[in-house]
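Single-structure report; data block below.
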Amino acid sequence: MKEMEKKQKTKISEKDLEEFRIKISFFQHERLIHLLVTLFFALFALIFLALGMVSYIFLPIFAILLIFLICYIYHYFFLENRVQYLYKIYDEMAKKVEE
């Protein structure tokens, strides 16, 4: 990503733009996978919370899942912000190609 930021300041070709689109699509794919994993962790955490209300033996599992869920949410927002940043760089690069 640093190389694209450096390249953004120089002359940009259509090939560079296409390469950047491919990198953005990789980020989008990773973001989708992490969203699905986050949703499943949330679902399992809720299930174990409900089971924990029945029997206290499930509460430690809920606590572990909750810790993982918080980490996944943090990571997902990092990915989301990074993809938005890549869109911004892509738009700036596309303007330079048009000029």
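See the values below:
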| quantity | calculated |
| --- | --- |
| Selection status of PHE44, modelled with pLDDT of 95 or more, part of a helix (DSSP H, G or I) and in contact with a Gly (Cβ under 6 Å, 6 or more places away or on another chain) | no |
| Subset of segment 60-99 (residues that are of a type in the set (A, V, I, L, M, F, W, C), more than 18 Å from the chain's Cα centre (by Cα) and within 21 Å of ARG21 (Cα to Cα)) | MET93, ALA94, VAL97 |
| Qualifying residue in segment 51-69 (condition: under 30 Å from LYS88 (Cα atoms) and either surrounded by 13 or more Cβ atoms within 10 Å (Cβ to Cβ) or modelled with pLDDT of 95 or more (or both)) | yes |
| Residue list for segment 88-99, filter: part of a helix (DSSP H, G or I) and farther than 14 Å from PHE26 by Cβ | LYS88, ILE89, ASP91, GLU92, MET93, ALA94, LYS95, LYS96, VAL97, GLU98 |
| Tally, over segment 68-93, of residues that are of a type in the set (A, V, I, L, M) and under 28 Å from GLU14 (Cα atoms) | 5 |
| Among (1) without any contact (Cβ under 8 Å) to a residue 12 or more places away in the chain; (2) surrounded by 12 or more Cβ atoms within 10 Å (Cβ to Cβ); (3) of a type in the set (Lys, Arg), the one test that LYS88 misses | (2) |
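The values are calculated or read from the model by the stated rules, or taken from the named source; none is laboratory data. Values in this document were obtained by computation on a predicted structure and should not be read as measured data. No Cβ is skipped: glycine too gets one built from the backbone with ideal geometry, and neighbour counts run over all protein chains shown.
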